[in-house]
Amino acid sequence: MTKLIVPKGKVLLEGLNSYYIVMAKLLEHYKNSNISGCIHLKAYQAEGMVYFDEDQLLTGFFQDKNESLEGKEGIDRIVAACDDHNFIINIIEIEPEKIYFWAHLPGAEPLHKDLSAEYT
């Protein structure tokens with residue numbers, strides 16, 4: 001299971017409870033906002049992130065002990081999981097020039113492992 005890294009940035013909202021939120025509506029709101037950032041959801045059994053820029057949802061990551069999904073499937077699973085889990089939601093603003101770096105970081109894989117100084 002990949003560890004999701006929460007970006008440092010300006011926290012817009014902190015400590016929302018998914019029990020009181022309609023996740024599809026929250027995603028729709030930020031999809032059409034003038035900011036870029038991520039929505040981080042954390043529960044005891046599962047975790048998810050949705051990255052967005054000024055006019056679209058970029059990608060999503062969902063993981064629990066049974067599955068790990070990314071992309072549109074990850075976003076869809078996050079929306080469905082809000083009925084099953086009690087998530088704490090934090091919304092973080094990320095600068096537009098950094099959003100694509102953060103959005104693709106969880107799915108990145110190293111090209112080489114254990115490089116020595118001689119090799120480089």
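The values are calculated or read from the model by the stated rules, or taken from the named source; none is laboratory data. Here the structure is a predicted model, which is why all the values come from computation and not from measurement. Counting neighbours? That spans all protein chains shown, and the Cβs are built from the backbone with ideal geometry, glycine included. We work out accessible area using only protein heavy atoms, side chains counted, and drop any ligands, DNA or RNA first. Shrake-Rupley method; radii C 1.70, N 1.55, O 1.52, S 1.80 Å.
Residue check: residue 60 meets all listed conditions (1) of a type outside the set (Phe, Trp, Tyr); (2) more than 19 Å from residue 6 (Cβ to Cβ); (3) within 10 Å of the chain's Cα centre (by Cα) but one, namely (2). For region 3-30, taking the residues that are open to solvent by 70 Å² or more (accessible area, probe 1.4 Å) and closer than 21 Å to residue 77 by Cα, the one that is nearest to the chain's Cα centre (by Cα) is identified as 5.
Taking the stated definitions as given, is residue 78 surrounded by 18 or more Cβ atoms within 10 Å (Cβ to Cβ) and within 15 Å of residue 5 (Cβ to Cβ)? No, not satisfied.
Mind listing whichever residues of region 1-25 are closer than 21 Å to residue 84 by Cα and in contact with a Ser or Thr (Cβ under 9 Å, 6 or more places away or on another chain)? The one that is closer than 21 Å to residue 84 by Cα and in contact with a Ser or Thr (Cβ under 9 Å, 6 or more places away or on another chain): 1.
Considering only residues in region 31-52 that are in contact with a Lys or Arg (Cβ under 9 Å, 6 or more places away or on another chain) and in a loop (DSSP other than H, G, I, E, B), the one that is surrounded by the fewest Cβ atoms within 10 Å (Cβ to Cβ) turns out to be 45. Output the residues belonging to region 53-66 that are part of a loop (DSSP other than H, G, I, E, B) and crowded, with 18+ Cβ neighbours inside 10 Å. Residue satisfying the conditions is 53 alone. For residue 69, the stated conditions hold: it is surrounded by 12 or more Cβ atoms within 10 Å (Cβ to Cβ), closer than 19 Å to residue 82 by Cα and touching a Lys or Arg at 6+ places or on another chain (Cβ under 9 Å). Cβ-Cβ contacts under 6 Å between residues 6 or more apart (or on different chains), taken from a first residue in region 86-105 that is over 20 Å from residue 72 (Cβ atoms) to a second residue that is of a type in the set (D, E, K, R), are listed as 88/42; 90/14; 93/10. Can you tell me which residue is modelled with the lowest pLDDT among those in region 76-105 that are in a helix (DSSP H, G or I) and touching a Leu at 6+ places or on another chain (Cβ under 6 Å)? Of everything passing the filter in region 76-105, 103 is modelled with the lowest pLDDT.
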